[in-house]
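Only one structure is covered here, and it is reproduced in the block below.
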Amino acid sequence: MERTVLEERDALSMERLASITKEHTAQEPFGDYFRKTASFVIKMDEVYRKIKDGKTESYTLEQWQAFNQSLYEDILPENYEHSYGNPKYAVEKLGEVHGRILSFLYAELYALIGYAFEQRLHEKVILQELLIEVYNCFEEEELPGYRRIQQIIYWFESDYSEITVAHRIQEAVDPKLDFAAKIVMESDLKDLRYLYRYGEYITENERKMAEFMNSLDEETVEKMASTFTEGYRIGFVLGGKDLSKKQTVNIRYMVGFERMVRLAIRNFEKMGLKPVIYRAALERINKKGVHRIGYYGAIPNRQFDYDHRADQAIYLDKAFMERRLGVMRSAYENYKTLANGHAGPACIDTFGEPEFYPQTKPEAYYLSDKQKKLQTQMDNESVQITNRYIIGKERSFTIIAFPVPEIGADFPEIFKETIRINTLDYQLYADIQQKLIDALDQGESVHVLGKGENHTDMHIALHKLNDPKKQTNFENCVADVNIPVGEVFTSPILKGTSGILEACTVYLEGLKYEKLHLEFEDGMVKAYTCKNFEQEEYNQNYVRENVLANHETLPIGEFAIGTNTAAYAMAREYHIEGKLPILIAEKTGPHFAVGDTCYSWAEDTPVYNPDKKEIIARDNEISIRRKEDPGEAYFGHHLDITIPYDELGSIEVQCADGRRILIFADGKFVLPGTEELNRFLN
């Protein structure tokens with residue numbers, strides 16, 4: 001659309017919104033809602049124009065801090081109880097018919113912050129016009145029914161998906177959208193004002209992170225960046241994939257790590273890769289639950305995110321699903337050359353953020369059973385569409401994690417220790433892990449037992465090796481795509497994989513679970529619960545929504561034995577067991593993943609260990625269905641659940657001839673050749 005037309009629409013909508021702030025034509029308390037909401041939009045318009053005119057360039061650090069705080073103040077925890085962004089408050093003030101859906105509208109308008117900083121005029125205009133259209137309904141003598149407002153939002157989300165969804169796909173593959181890349185590469189990183197140029201929420205944590213990064217010597221930062229980028233490169237080599245065919249890499253990170261990201265970009269450029277760096281999704285249509293995929297700053301209020309995690313319940317039906325998938329296909333076709341040249345993500349994860357205990361609110365939206373199935377179907381088909389253009393067997397990834405200052409007073413020491421863990425001796429672990437694999441390959445199953453309050457009792461069925469001299473079940477995972485070093489893993493056979501899996505206290509993707517309990521029969525989840533809530537219904541819903549990703553059941557996609565006892569010891573020394581990301585936590589004990597296998601979308605690509613044996617356990621009875629119908633084979637979900645060593649009783653290999661090979665017992669590794677791992681367990 002021509003810029004002049006958009007500017008005219010922008011001016012007209014802003015003029016109308018200005019009048020709303022002064023009007024009292026809508027019945028109360030709706031008048032209050034619309035006046036406050038219109039005032040917020042006007043404030044965002046002022047931000048848009050300040051950025052456009054360069055007026056923020058002269059801001060002092062103190063001015064930036066105050067400015068940034070003002071953008072998010074209404075949804076911050078101290079103000080949230082009386083914010084229309086809180087569905088509980090909105091329902092109390094506006095009633096059950098209108099409160100929840102108007103709370104969604106309020107939350108959706110927070111995308112205007114990102115639009116303002118990125119100068120995305122089209123998205124800005126359509127959101128402004130949506131608010132006006134809804135307001136007009138409340139000017140009438142009779143209050144509009146829920147269905148009328150729902151339909152306005154439904155068609156807004158559907159019609160404008162050609163803008164919102166298509167832009168999301170473009171920014172994932174097009175290096176010309178370089179808003180964030182310019183901040184990283186062109187800013188004076190010692191001048192912390194650069195942190196605020198993203199428009200993300202910035203707290204003391206991000207400022208301290210940037211200050212800490214600035215305090216490190218160049219050699220240390222280069223070591224961090226090189227470990228990260230070299231792991232990415234090695235992932236292509238070990239996977240037998242041709243990196244020279246690719247042109248772009250997606251870098252994901254938390255604001256504050258720019259010094260490392262800058263060096264990583266330079267390293268990737270030497271590999272022939274340009275960065276594509278995009279913000280975590282702003283619009284509900286592009287979000288995935290509470291997960292932030294992309295770059296991000298501080299989370300203003302995690303309860304706010306949690307309250308709105310299922311707002312798509314307003315509009316998700318079969319027609320909408322087909323519309324969104326159609327837009328995806330069209331967008332990928334438009335950007336197919338760029339998509340084909342995309343190599344995959346390189347992610348810098350963080351840990352140490354404060355614990356989050358979500359409140360379950362009946363006033364929030366929840367997907368119906370029918371919508372859960374549609375969401376699952378849409379997610380599966382979205383992955384398939386993406387895989388056709390960003391070809392799964394040709395791409396790779398890497399991920400590394402570091403602590404943030406919020407972890408506490410020991411942050412500098414923990415950070416230093418994390419660098420050490422991320423750069424452990426590759427060959428030492430490869431040799432130890434090969435001894436584990438040699439023992440595991442003799443078995444037809446593995447038996448894992450918990451101890452104490454952990455009642456894990458799992459039997460894991462292994463693939464049959466027809467030629468043990470050339471074949472293996474377990475991958476010898478050192479420090480490539482999954483940094484740090486330290487695990488051997490396989491995709492089990494489902495039939496015969498049964499039992500109970502428990503974790504007494506575990507954090508999965510930022511959410512805490514007390515006494516997580518899963519039961520498996522022939523590799524499929526048949527029962528689940530936890531002890532987070534008093535009501536059993538809430539516990540089961542919590543696990544289904546977040547562990548099973550709203551599927552009725554999921555298969556075991558992975559069984560692994562973590563060997564990074566150094567990471568385990570670090571967690572115990574600094575009492576940060578609950579703060580480790582799954583990337584590190586999965587290396588600190590045996591773990592199981594529910595969902596897709598480790599080799600999803602690349603099962604037909606041969607994978608070899610350093611000893612040249614081919615890893616044949618790339619499929620299970622579910623993933624093999626891809627040959628007939630990929631929609632029946634993949635879930636777009638893979639979640640690791642670790643049993644820490646101190647909750648572990650034993651790991652034993654069970655052989656077809658009746659032999660038993662003990663790997664772990666009495667709190668230590670007992671397999672000959674693995675004694676070095678016990679150095680950190682004593």
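The values are calculated or read from the model by the stated rules, or taken from the named source; none is laboratory data. Remember, predicted model here, so these are calculated numbers, not experimental data. Reconstructed Cβ throughout: ideal geometry from the backbone, glycine too, with neighbour counts over all protein chains shown. These accessible areas exclude ligands, DNA and RNA; they are computed on the full protein's heavy atoms, side chains included. Shrake-Rupley method; radii C 1.70, N 1.55, O 1.52, S 1.80 Å.
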Legend entry - Checking Val653 against (1) touching a Lys or Arg at 6+ places or on another chain (Cβ under 8 Å); (2) at pLDDT below 90; (3) hydrophobic (A, V, I, L, M, F, W, C), the condition it does not meet: (2)
Inset, instruction - Have a look at Leu494, Leu516 and point out the one that is buried (at least 23 other Cβ atoms within 10 Å of the Cβ) and at pLDDT 95 or above. - result: Leu516
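So that you can scan it fast, the table gives a plain yes or no per residue for (1) more than 27 Å from Asn205 (Cβ to Cβ); (2) of a type in the set (A, V, I, L, M, F, W, C):
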| residue | (1), (2) |
| --- | --- |
| Lys43 | no, no |
| Ser70 | no, no |
| Glu78 | no, no |
| Ser83 | no, no |
| Leu94 | yes, yes |
| Ala111 | no, yes |
| Val125 | yes, yes |
| Leu143 | yes, yes |
| Tyr146 | yes, no |
Inset, instruction - Output the number of the condition that Phe635 fails; it satisfies all remaining conditions of (1) modelled with pLDDT of 95 or more; (2) among the hydrophobic types (A, V, I, L, M, F, W, C); (3) within 25 Å of Val383 (Cβ to Cβ); (4) surrounded by 15 or more Cβ atoms within 10 Å (Cβ to Cβ). - result: (1)
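Looking for whichever is of a type in the set (Ser, Thr, Tyr), out of contact with any His (no Cβ under 9 Å at 6 or more places or on another chain), open to solvent by less than 10 Å² (accessible area, probe 1.4 Å) and part of a helix (DSSP H, G or I) here; the options are Tyr538, Tyr568, Tyr542. Which one fits?
On the way: Tyr538 fails: open to solvent by less than 10 Å² (accessible area, probe 1.4 Å); Tyr568 fails: open to solvent by less than 10 Å² (accessible area, probe 1.4 Å).
Going through Tyr538, Tyr568, Tyr542 in turn, just one is of a type in the set (Ser, Thr, Tyr), out of contact with any His (no Cβ under 9 Å at 6 or more places or on another chain), open to solvent by less than 10 Å² (accessible area, probe 1.4 Å) and part of a helix (DSSP H, G or I): Tyr542.
Here's the yes/no breakdown for (1) within 27 Å of the chain's Cα centre (by Cα); (2) under 27 Å from Tyr366 (Cβ atoms):
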{"site": "Ser13", "(1), (2)": "no, no"}
{"site": "Glu46", "(1), (2)": "no, no"}
{"site": "Lys52", "(1), (2)": "no, no"}
{"site": "Gln63", "(1), (2)": "no, no"}
{"site": "Val91", "(1), (2)": "no, yes"}
{"site": "Tyr106", "(1), (2)": "yes, yes"}
{"site": "Leu109", "(1), (2)": "yes, yes"}
Inset, instruction - Could you please let me know if Tyr574 is touching a helix residue (DSSP H, G or I) at 6+ places or on another chain (Cβ under 8 Å), open to solvent by 40 Å² or more (accessible area, probe 1.4 Å) and either without any contact (Cβ under 8 Å) to a residue 60 or more places away in the chain or of a type in the set (A, V, I, L, M) (or both)? - result: no
Legend entry - helices (runs of 4 or more DSSP H) lying entirely in region 47-141 (those with 1 or more residues that are crowded, with 19+ Cβ neighbours inside 10 Å and of a type outside the set (S, T, N, Q)): 61-72, 87-94, 99-108, 111-118, 121-138
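Scan region 398-437 for residues that are of a type outside the set (A, V, I, L, M) and surrounded by fewer than 17 Cβ atoms within 10 Å (Cβ to Cβ) and jot them down.
Those that are of a type outside the set (A, V, I, L, M) and surrounded by fewer than 17 Cβ atoms within 10 Å (Cβ to Cβ): Gly408, Asp410, Pro412, Glu413, Lys416, Arg420, Thr423, Asp425, Tyr426, Gln427, Asp431, Lys435.
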Inset, instruction - Please enumerate the residues belonging to region 1-38 that are surrounded by 14 or more Cβ atoms within 10 Å (Cβ to Cβ), closer than 21 Å to Ala111 by Cα and not hydrophobic (A, V, I, L, M, F, W, C). - result: Arg9, Asp10, Ser13, Arg16, Thr21, Tyr33, Arg35, Lys36, Thr37
Inset, instruction - Keeping to region 1-47, report how many residues are of a type in the set (A, V, I, L, M) and without any contact (Cβ under 8 Å) to a residue 60 or more places away in the chain. - result: 5
